[in-house]
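Some notes on the structure that comes next.
The values are calculated or read from the model by the stated rules, or taken from the named source; none is laboratory data. As the structure is a prediction and not an experimental result, all values here were calculated from the model. Remember, those area values only see protein heavy atoms, side chains included, never the ligands or the DNA or RNA. Shrake-Rupley method; radii C 1.70, N 1.55, O 1.52, S 1.80 Å.
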Amino acid sequence: MSSVDVTPRYTVPGLTPKDGGRVIGLLRLRLHALNDLALTLKHIHWNVVGPHFIAVHEMLDPQAAAVREMADATAERISTLGGEPQGTPGALVDERTWTDYSIGRADAIAHLGALDLVYTGIIEDHRRVASETSSADPVTEDLVIEQLRSLEKFQWFVRAHLETGSGSLTTAAATTEKKAAALAPARKSAAKKTTGSRTDSSKQTGKKATTTKRAR
């Protein structure tokens, strides 16, 4: 992650440049996370297959559009605070604290299992930023909370496909995107029909699994 000094020469009334810089630094990573999420949602939108294809394919486009609007609002808040929002792919890759989404062409429900972990990471970090800005900059706190309302609703939509009739998540034990994809209901069912057991796709591909939390 880049250690760029983002302290502005001026900021909004009521904040010192130092405090403004601290908020800008928090929002800078939130901007990267939202840009990354928008791209990930489109990647999934393009790569889902299987009997749930159309439902998931069409569910994700409005989410991607809404996340793009969140990114725009976040970038504009950075500018308002006197900062310089970084929207280039190079800045995102250089400063992010997570790896690329690890699932390619796959069953739609398997993708949702992995996407649930993505949403968990971004929601947890959004909540942390809301907490850290509540005293110094309630305007930024309000922006992040408003985004959380939508992000948590989107995760609810995703989890509805992963929930059992008793209210449990089929992917609750997953610690990686690949494991979550393997535990998702459609993938689990297909594995039973073909092999009689569930297979972790990370073992099939030989690729290294991602970390437990996709902190974004």
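Structural remarks
- The residues K178, K18, sorted by heavy-atom accessible surface at 1.4 Å with ligands and nucleic acids left out, run K18, K178 from largest to smallest.
- For the stretch 1-83, the Rg and Dmax computed from alpha carbons only, in angstrom: 17.1, 55
- At the listed q of 0.14, 0.17 Å⁻¹, the Debye profile of the stretch 42-172, built from one uniform point per Cα, gives log10 I(q)/I(0) equal to -0.73, -1.03.
- The stretch 80-119, Cα convex hull volume normalised per residue, Å³: 120
- Look at where the Cα atoms of the stretch 130-156 and of the stretch 84-128 average out, and the two centres are 18 Å apart.
- Mean sequence separation of contacting Cα pairs (under 8 Å, at least six apart), scaled by the length of the stretch 72-186, corresponds to a relative contact order of 33 percent.
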